[in-house]
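Input: a single structure, listed below in structure tokens.
The values are calculated or read from the model by the stated rules, or taken from the named source; none is laboratory data. Keep in mind the model is a prediction, meaning the values are calculated, not measured. So basically every Cβ, Gly included, is an ideal-geometry build from the backbone, and we count neighbours across all protein chains shown. Accessible surface is based on the protein model in full, side chains and every heavy atom, while ligands, DNA and RNA are left aside. Shrake-Rupley method; radii C 1.70, N 1.55, O 1.52, S 1.80 Å.
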Amino acid sequence: MTLSRTATTFAPPVMEARRWLDGVDHPDTRPLLNVSQAAPVDPPPLVMREAMAKMIVEDAEAHLYGPVLGLPALRAEVAAQWNTAYCGNIDADQVAITSGCNQAFAAAIATLCNEGDEVIVPVPYYFNHRMWLDMSGVKTVSLMTDDAMIPDAAAAEKLISPRTRAIALVSPNNPCGVEYPAETLRAFMELARRHKIALIVDETYRDFDSRTGAPHDLFTDPDWVDTLIHLYSFSKAYRLTGHRVGAIIGSEARLAEIEKFLDTVTICPNQLGQRAALWGMQHLQDWLAGERLEILDRRAAITDNFPKLAQQGWKLLGNGAYFAYAQHPYNMSSAELAPRLVQDAGVLLLPGTMFMPAELPDGAAQVRIAFANIDRTGIGTLFDRLSDLPY
């Protein structure tokens, strides 16, 4: 029997992890620490919600269909701010707004790949990327990373075949948190151009990069449109997760194909969410800078507290953006360890097996900690619990 498209991939990992909570009590003296999902739990700041309430009442267009490729003013604002941030040459017509960054990735793959084509993805990978490739009949070709969790373009070149259509990178990385060096991204750009394939760069977490200035120079290339497809999410920057607003930047020819996909799937992005994203870009830069500093402090707290786990044999593999990625010392797979931590430590995190294909064993010794929803004190508590496990 031929499998349906959805049957070719695994169950959504975050939803699976939430089921581990069923029937487990978390006393007030040890409340659950949920570090499983990379999403803010707080709503947008009050000033933004007040602006959104006004939009609902006063802007009739916010309730109607809009352009398939997004609100023109938001597309123009993205182009302008990206040109400033990257010293780039991006036109508003090279920006499309999508229903979240996951849809941006799906749309890009739909324009690039046919059944049986291949996309090279560093491992550990973002599981939703793997899921969409599976459901598209596209083979995920795993690119191993080095000890610093950074992929190498020379290693990727050895994996390119006649069916390769793209290389997909995420920086700052999900799940590892690492920030890819500018020279790494440039090397992948040159590799992709040389082989006439696309380079997809997902920068969902760019607002929380620890570096100052542009994280890469790809948009300064006068011919970037022949190779680069850039993805972004407004969810993390402005806490608009429920409004599903993302962006994709690429050639006008690419966006013409993407328009077909978006018109069929959602017709237009969320109108209120787009207006909120635009308002946030124009009014919340100082607030966002403060959010970045808070996330950077949590990243530092991971480093400060990790010696507690290092003494138990843990190893910190990556740390940055919303994530810490670690190797555990126990004689069990992380697929077994993670559910046990809910009961034994009041901690919900994701096992490395959710970020690696089954044929690669490394994920069994790895876990991802998403620290966007716990502050410095909570991180200290988390590491106290993990350092006191009875295994």
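Structural remarks
- With respect to being buried (at least 17 other Cβ atoms within 10 Å of the Cβ) and either in contact (Cβ under 8 Å) with a residue 60 or more places away in the chain or in contact with a Cys (Cβ under 6 Å, 6 or more places away or on another chain) (or both), residue 338 fits the description.
- Per the conditions (1) of a type in the set (D, E, K, R); (2) over 23 Å from residue 224 (Cβ atoms); (3) open to solvent by 40 Å² or more (accessible area, probe 1.4 Å), the sole criterion not satisfied by residue 134 is (3).
- Restricting the stretch 248-262 to residues that are assigned to a helix (DSSP H, G or I) and in contact (Cβ under 8 Å) with a residue 40 or more places away in the chain, the residue that is most open to solvent (accessible area, probe 1.4 Å): 252
- Complete set of residues in the stretch 281-305 that are under 19 Å from residue 52 (Cα atoms) and under 20 Å from the mean Cα position of the chain (by Cα): 281, 288
- Of the strands (runs of 3 or more DSSP E) entirely within the stretch 137-207, those holding at least 2 residues that are surrounded by fewer than 22 Cβ atoms within 10 Å (Cβ to Cβ) and without any contact (Cβ under 8 Å) to a residue 40 or more places away in the chain occupy 139-144.
- Residues that are at positive phi and over 12 Å from the mean Cα position of the chain (by Cα) within the stretch 165-215 comprise 196, 213, listed in sequence order.
- Within the stretch 8-22, the residues that satisfy the criterion of being in a helix (DSSP H, G or I) and either over 20 Å from residue 136 (Cβ atoms) or open to solvent by less than 50 Å² (accessible area, probe 1.4 Å) (or both) are 13, 14, 15, 16, 17, 18, 19.
- Single residue of 60, 73 found to be open to solvent by less than 60 Å² (accessible area, probe 1.4 Å) and on the phi < 0 side of the Ramachandran plot: 73
- Of all residues in the stretch 92-104 being within 17 Å of residue 234 (Cβ to Cβ) and of a type in the set (S, T, N, Q), the one that is surrounded by the fewest Cβ atoms within 10 Å (Cβ to Cβ): 102
- Residue 107 being open to solvent by less than 30 Å² (accessible area, probe 1.4 Å) and either on the phi < 0 side of the Ramachandran plot or of a type in the set (A, V, I, L, M, F, W, C) (or both): yes
- Filtered residues of the stretch 76-91 (kept if open to solvent by 30 Å² or more (accessible area, probe 1.4 Å) and closer than 25 Å to residue 261 by Cα): 76, 77, 91
- Residues satisfying the stated conditions in the stretch 295-335, i.e. open to solvent by less than 30 Å² (accessible area, probe 1.4 Å) and in contact with a Pro (Cβ under 7 Å, 6 or more places away or on another chain): 314, 320, 321, 323, 325, 334
- In the stretch 214-229, the condition of being open to solvent by less than 50 Å² (accessible area, probe 1.4 Å), modelled with pLDDT of 95 or more, touching an Asp or Glu at 6+ places or on another chain (Cβ under 9 Å) and in a helix (DSSP H, G or I) is met by no residue.
- When restricted to residues that are out of contact with any Leu (no Cβ under 8 Å at 6 or more places or on another chain), closer than 17 Å to residue 177 by Cα and touching a residue at least 60 places away in the same chain (Cβ under 8 Å), the stretch 209-230 contains 1.
- Qualifying residues in the stretch 31-82 (those that are acidic (Asp, Glu) and out of contact with any Leu (no Cβ under 8 Å at 6 or more places or on another chain)) - the one nearest to residue 20 (Cα to Cα): 42
- Residue that is most open to solvent (accessible area, probe 1.4 Å) [pool: residues in the stretch 341-372 that are out of contact with any Leu (no Cβ under 9 Å at 6 or more places or on another chain) and not in a helix (DSSP H, G or I)]: 359
- Taking the stretch 273-290 as the range and being open to solvent by 50 Å² or more (accessible area, probe 1.4 Å), in contact (Cβ under 8 Å) with a residue 12 or more places away in the chain and more than 14 Å from residue 73 (Cα to Cα) as the test, the residues that pass are 283, 287.
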